[in-house]
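These notes are about the structure you will find just below.
The values are calculated or read from the model by the stated rules, or taken from the named source; none is laboratory data. It should be emphasised that the depicted structure is a prediction, and the values quoted were computed from it without experimental measurement. Ideal geometry is used to build each Cβ from the backbone, glycine not excepted, and the neighbour counts take in all protein chains shown. Protein only, heavy atoms only, side chains kept; ligands, DNA and RNA dropped before computing areas. Shrake-Rupley method; radii C 1.70, N 1.55, O 1.52, S 1.80 Å.
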Amino acid sequence: MGRFLLLLTCTLVSNYLHPRRGADAQSMFTIRDISISLEPEANVMRGTNVTVRCEALVSSSGAGPLSREYTIYKDGVTVYTKTTSSSSDLLYRLPDARVSNTGKYKCKINIEGRKVTSEAKKLTVTGLSTPLLHLNNAVVSEGEELTARCTAPGETGSIIFYFYDDSKEILEDRVNSNQSEVKLRFNDVGIHKMNCSYTVLVTPFFFRSDKSNTVTVSVKELSITPVLEIFPYSNIYEGDRLDIMCTVRSLMADMHGNVHLYLSRGTQLLSRGDTNVNHSMIALAKDSEEFECRLEMGNVVKVDTKKILVTELFSVPTLTISPSEVFQREYMTLSCKSDTFASERIRRDQLTYSLDPPESLLIPKSTGVFFGKALLYDFNYTCIAQAKGIRKYSRPLTVRPKVTVSTPKISVVGSAVLGRPFKVLCKSDIGSLPINYTLLKDYDQLSTAIVKMPLEQALFTVTIHQPGEINKFMCEAKNSQKDAPLSKRLEATVVVPLSHPTLTVIPVLPEIAEGDHLFLICGVKGTPPITFKWYRDDRRTPIFTTTTDTNNTDYQIQALAKDDSGTYYCEAINHAKNVVRSAPVTIVGKVERVDISVWSERPPASANDEESSTVSNEPDVEYTEVVHPQPTDPSKAPRRKGTETVYSELQNSSHGADEHHGYGSVEYADLNGEQHEMNHYPVEHHNCQDLPVPVD
């Protein structure tokens with residue numbers, strides 16, 4: 001701890017004690033403190049003598065004086081600097097303080113490069129002097145210039161002056177002095193009461209003074225005036241000629257060259273001149289506005305206005321179409337008519353109508369009636385009504401010819417599966433919306449869909465129970481009063497779900513022996529393409545899969561071996577996505593003495609077996625055994641005659657079940673002599689490359 005205090009003491013001495021230069025090089029000093037104070041106090045009234053005192057406490061060794069540099073800051077800006085060798089306090093005086101002296105003051109001392117700054121002290125001066133207003137003339141003519149001067153006695157700083165006419169601010173002037181002098185002109189005749197005020201800006205605050213004394217100004221009217229004349233002024237109809245004159249009355253000789261006249265109707269400038277303006281025009285209904293004759297002479301502005309009323313010769317025509325909806329190249333009628341006209345000025349037959357543009361290809365049928373065919377595209381028509389040189393245009397009528405709906409096409413969305421709901425789409429290639437699509441079955445209406453938006457579709461949900469029903473559906477499309485075109489009959493492949501699966505074994509079960517070429521033929525009823533899968537011994541992975549466009553196909557075992565013995569079954573699936581499974585067949589291939597016994601056995605079906613779909617009405621057969629004498633040498637076995645038939649039969653229990661079953665049954669294998677030869681001559685196995693790609 002003692003070592004730390006010693007180190008700290010050495011550091012402080014190094015920072016605050018400095019050797020003096022010159023003869024007394026060994027003298028040292030330190031600035032112990034510096035402070036600032038405001039006298040008599042920090043908050044004073046305007047006119048108070050204020051002193052800013054800067055007091056520095058400096059310790060030094062040696063008898064020689066130190067050179068001290070003082071700096072006084074106001075709001076961060078240097079306002080006073082002094083260098084002295086005296087140790088007395090530095091005094092910065094603010095005699096007769098003003099609001100502009102308000103701010104934060106700081107003091108800084110610099111001795112031979114060592115600088116220390118005091119804390120800030122805020123001085124607030126309140127109170128502003130009352131401004132004084134002076135005018136160089138109390139009586140002027142309208143537009144005549146006078147000089148106004150506003151003074152803020154004794155104030156300093158950045159000042160903004162404001163001038164008022166009858167308490168309404170008319171001018172603002174920002175200066176860096178306590179006086180503002182401006183030029184004013186009055187256009188309003190009469191007595192004007194003027195005064196002024198000012199604001200002293202002491203960032204970021206504003207200090208506002210009271211208003212000055214009031215000075216009265218009398219503004220006299222000039223004798224010069226504008227005159228507006230319109231002939232005729234009443235009982236005016238469209239087509240009548242108007243003569244308008246804008247002149248100056250009491251124009252004095254010394255005013256020539258300084259006067260300007262402007263003749264206007266509403267916001268439209270009709271003409272201009274110096275001493276008079278003449279203008280002629282044909283009266284229109286829109287001329288029922290205010291006309292103005294405007295006189296400008298320097299800043300003096302005088303106006304004379306008149307408003308006329310122009311009676312319509314005829315009303316603006318309206319253009320209509322019949323029928324309201326028209327189709328391409330169909331006949332239409334356009335009618336143009338002015339609802340009212342001034343019968344005291346014109347006859348009805350004097351009012352003529354025409355179409356614009358002339359190339360509209362419509363033929364006049366009668367007065368204001370035009371007849372012809374609609375175009376293939378949108379077209380804008382305008383009607384022109386005319387009489388006595390007056391032309392009036394109707395609002396444009398856009399004719400958008402509709403497109404007649406084309407004969408619709410009917411199709412199936414996805415697949416049509418027998419007995420299941422599927423979607424039917426009815427669509428026309430062209431036709432203006434909205435279109436009503438109606439689905440029919442043998443001309444009987446089933447449902448209607450309205451297509452209003454471009455991306456909408458007319459979809460109908462139907463279900464059929466016979467494949468032939470698909471061709472009974474048609475649809476019609478309608479978007480007008482015309483007869484609706486009818487589509488062709490619906491043509492689509494109806495997917496019949498699979499049923500009646502069967503597994504046929506060749507050779508028949510009793511004749512199977514080791515070495516035989518075995519065929520397991522799987523067949524179903526339903527719509528191809530069909531994916532067939534063969535399974536063995538309840539394995540989850542099929543031993544063979546193929547897809548075909550026929551209702552049956554086979555899996556072959558080239559040379560039956562003892563290891564091929566087991567229980568086989570097949571499954572099938574098509575686009576209807578229903579899986580059907582055949583009944584299982586047990587294959588046993590073996591040689592026993594001179595006789596061979598082969599049988600098939602089916603385990604009794606469980607009532608909960610979801611695989612079962614049909615039950616035969618025939619009596620139960622647990623197995624069928626067929627025994628044929630066989631020589632010891634199989635190659636010397638006698639050939640069977642062509643009429644000999646060998647078969648195996650596997651039947652289901654007939655305990656009250658329907659004869660249709662999901663498993664089907666093992667079909668009869670009817671072998672004549674040629675079929676029997678199949679068992680003894682090699683049969684080529686199907687090449688999978690010739691079959692459709694299998695579907696799991």
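Rolling a 1.4 Å probe over the protein chains gives ASP356 an accessible area of about 60 Å².
Each part gets one Cα centre, and for the range 407-425 versus the range 352-405 those centres are 47 Å apart. With the simple spin-label model, which puts each label point 7 Å out from Cα in the Cβ direction, the ALA449 to THR318 separation comes to 4.1 nm.
Kindly flag which residue pairs out of LYS122/LYS211; LYS423/LYS488; LYS82/LYS104; LYS337/LYS482; LYS402/LYS488 have an alpha-carbon separation exceeding 21 Å in this structure.
Working: LYS122/LYS211 29 Å; LYS423/LYS488 17 Å; LYS82/LYS104 19 Å; LYS337/LYS482 30 Å; LYS402/LYS488 24 Å.
Listed pairs above 21 Å: LYS122/LYS211; LYS337/LYS482; LYS402/LYS488.
Using heavy atoms of the protein chains and a probe of 1.4 Å, the accessible area assigned to GLU221 is about 120 Å².
Provide HIS465, HIS575 ordered by accessible surface of protein heavy atoms (probe 1.4 Å), highest first. Intermediate values should be presented prior to the final figure.
Values: HIS465 120, HIS575 100 Å².
The residues order as HIS465, HIS575, largest area first.
Would you work out the charge dipole size for the range 57-130 about its Cα centre, treating the Cβ of every Lys and Arg as +1 and the Cβ of every Asp and Glu as -1, and quote it to the nearest 20 debye? The calculation lands at about 160 debye.
Within the range 209-274, all pairs of alpha-carbon atoms sorted by distance into 5 Å bins from zero give the percentages 3, 11, 16, 16, 13, 10, 8, 8, 7, 4, 2, 2, 1.
For a 24 Å ceiling on Cα separation, which of these pairs sit above it: LYS427/LYS472; LYS427/LYS577; LYS365/LYS478? From LYS427/LYS472; LYS427/LYS577; LYS365/LYS478, over 24 Å: LYS427/LYS577; LYS365/LYS478.
Compactness check for the range 80-236: Cα Rg over 2.2 N^0.38 Å is 1.72. Taken about its Cα centre, the range 239-356 carries a charge dipole of about 140 debye when Lys and Arg each add +1 at the Cβ and Asp and Glu each add -1 at the Cβ. Its Cα centre serving as origin, the range 195-247 has a Cβ charge dipole (Lys and Arg +1, Asp and Glu -1) of approximately 540 debye.
Just the protein heavy atoms count here, and of the accessible area of the range 100-212 at 1.4 Å, carbon and sulfur take up 46 percent. Among the lysines, which fall within straight-line cross-link reach of LYS562, defined as a Cα-Cα distance under 27 Å, with same-chain neighbours fewer than 8 residues apart omitted? List returned: LYS533, LYS590, LYS636.
Projecting the Cα atoms of PHE532, LEU560, PRO497 onto the charge dipole of the range 457-594 (Cβ charges, centred on the Cα centre) puts PRO497 farthest toward the positive pole. The orientation-averaged shadow of the Cα convex hull for the range 469-514, equal to a quarter of the hull surface, comes to 6.0 nm².
Sorting VAL300, VAL116, VAL579 by solvent-accessible area of protein heavy atoms yields VAL579, VAL116, VAL300, largest first, with a 1.4 Å probe. For the range 415-530, DSSP calls about 95 percent of its internal beta bridges antiparallel.
Across the protein chains, with a 1.4 Å probe defining accessible surface, the residues GLU155, GLU39 rank GLU39, GLU155 from largest area downward. Using the Kirkwood radius over Cα pairs, work out the Stokes-Einstein diffusion coefficient for the range 180-238 at 4 °C and 1.567 mPa s, in µm²/s as a whole number. The estimated diffusion coefficient comes to 77 µm²/s. Taking the accessible area of the range 465-550, probe 1.4 Å, and keeping the other protein chains in place, the carbon and sulfur fraction comes to 48%. Among the protein heavy atoms of the range 227-322, carbon and sulfur supply 48% of the accessible surface, probe 1.4 Å, non-protein parts ignored.
So what's the gap between the Cα centers of the range 86-140 and the range 492-522, to the nearest angstrom? Measuring centre to centre over Cα atoms gives 118 Å. A protection proxy built from the mean count of other Cβ atoms within 10 Å ranks the segments 394-405, 95-106, most packed first, as 95-106, 394-405.
Convex hull volume of the C-alpha atoms in the range 243-342, normalised per residue: 156 Å³.
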